[in-house]
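One structure is given here, and the rest of the page talks about it.
The values are calculated or read from the model by the stated rules, or taken from the named source; none is laboratory data. What you see is a predicted model, and the numbers here were worked out from it, not measured in a lab.
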Amino acid sequence: MVLAILFPGLAARAQQPSPLLLAANVSEAPMAAPGSLEASSQSLSTVHINKAATRKPEPLPAVEDVPSRRKWILLSLAQHSAAAFDAYTTRKAISRGAVEGDPVMRPFAGSPGLYAAIQICPVALDFAARRMQRAHNGFLRRMWWLPQTTSTAMFLFSGAHNLGVPGRP
């Protein structure tokens, strides 16, 4: 009573149900003395647990729809080999007096760093193809091979072109 006089807001708050009790849907029935059988049975019988809203899990693609990792590795190997072939033929053409036409690769053209620099693109495309294999979009999952195959063809074309480039007279 003294608390109600000193703190009028506290008395009003005592009349309101606890937010924890509201959240758990526990009735505010008086509790029996702790340790008695009635206390434990009443507290368990008055708790109502709401079922959580169940959400349908996203369906996983069928095993037949997931592309093979072995094919990805084979295409990665072909792509990196084609890039190394392009780097090798570029260095050979430069040693005969040719000039690197690609402004991005030009700083690396005269050094062995060309082999490392030219592998950046295949690594990025390997990552993209692997992500495409696991995409939820069926079109992307079916076209995962396209970045690696296109890159491989371009590196092979560039390497073949480098073989036919004449040196300076």
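I'm checking my understanding of the structure. Among residues of region 134-169 that are assigned to a helix (DSSP H, G or I) and β-branched (Val, Ile, Thr), which one is nearest to Ala78 (Cα to Cα)? Here the answer is Thr152.
The lone criterion from (1) over 19 Å from the mean Cα position of the chain (by Cα); (2) at pLDDT 95 or above; (3) of a type outside the set (Gly, Ala, Ser) left unmet by Leu125 is number (1).
Scanning region 64-98 for residues that are of a type in the set (Val, Ile, Thr) and modelled with pLDDT of 90 or more gives Ile73, Thr89, Thr90, Ile94.
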